[in-house]
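**Q** First, the structure itself, so that you have it in front of you.
Just so it is clear, none of the values below were taken in a lab; they were calculated from the coordinates. Computed from a predicted model, the values in this text were never measured in an experiment. Methodologically, a virtual Cβ is constructed for each residue, glycine included, from the backbone with ideal geometry; neighbour enumeration extends over all protein chains shown.
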Amino acid sequence: MNTDSLCRPSDIVSPSIVVESELTDFDADQRLLAMNGISLVIFTSVGCAACRFAREQLPWFDLAVDRLCWIDAGNNGGVVERYRVFHLPALFVVRDGEFFGALQSRLTCAALNEAVGQALSRQAEELP
């Protein structure tokens, strides 16, 4: 068993509450169109502190979504451009292949669930 600097086991991976996927320029559209249920699409970057927080904490939140779809903004410029990502982390809601837009929310469970609910009340659009 390996431990980190705080003597926590680092080679034991606990399952998160929701399914997580990594999307890229090459598969994001196809996979989002094929996924059933609610997907929270999150653009992040390794140099962003808020993005690191999101990556660490969001999988453990009891979110009203079926999956988290992560996109590395630094390596996937095409999808970043199509979604018009200007700040990170950037969050979007997709349900059953339909786009419900961007979320403006604090990164807390309650705030994100409220924002997802508000997004789903909007008129759906095609994926960008």
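**Q** If you rank Val19, Val41 by fewest surrounding Cβ atoms within 10 Å, what's the result?
**A** If I rank by nearby Cβ atoms, fewest first, I get Val19, Val41.
**Q** Ok, one more. Where the only charges are on Cβ atoms (+1 Lys, Arg; -1 Asp, Glu), what is the dipole of the chain about its Cα centre, to the nearest 20 debye?
**A** Result for the chain is approximately 340 debye, rounded to the nearest 20.
**Q** Once the other residues with Cβ under 15 Å from the Cβ of Gln104 are scored (Lys, Arg +1; Asp, Glu -1), what is the net sum?
**A** Working: positive: Arg84, Arg106, Arg122; negative: Glu114.
Here the charged neighbours net out to +2.
**Q** Considering only the other residues whose Cβ falls under 11 Å of the Cβ of Asp25, what net charge follows from Lys and Arg at +1 and Asp and Glu at -1?
**A** Around Asp25, the charge tally is -3.
**Q** Using helices alone, I'd like the mean residue ellipticity at 222 nm for the chain: each DSSP H run of four-plus residues gives -39500 (n - 2.57), total over residue count, nearest 500.
**A** Mean residue ellipticity at 222 nm (helix-derived): -7500 deg cm²/dmol.
**Q** In what sequence do Glu126, Glu81 fall when counting other Cβ within 10 Å, fewest first?
**A** Glu126, Glu81
**Q** Return the long-range amide H neighbours of Cys69 (sequence gap of 5 or more, or a different chain), with a cut-off of under 5 Å between placed amide H atoms.
**A** Result for Cys69 returns Ser21, Leu40, Val41, Ile42.
**Q** I would also like to ask the following. Under the definition of Cα pairs under 8 Å and six or more residues apart, what whole-number percent is the relative contact order of the chain?
**A** 27
**Q** Could you rank the peptides 105-117, 83-95 by their average count of other C-beta atoms within 10 Å per residue, with the highest value first?
**A** Numbers: 105-117: 14.9, 83-95: 18.2.
Descending mean neighbour count gives 83-95, 105-117.
**Q** Starting with the fewest neighbours, write out Trp70, Trp60 ranked by other beta-carbon atoms found within 10 Å of each beta-carbon.
**A** With the sparsest Cβ surroundings first, the list reads Trp60, Trp70.
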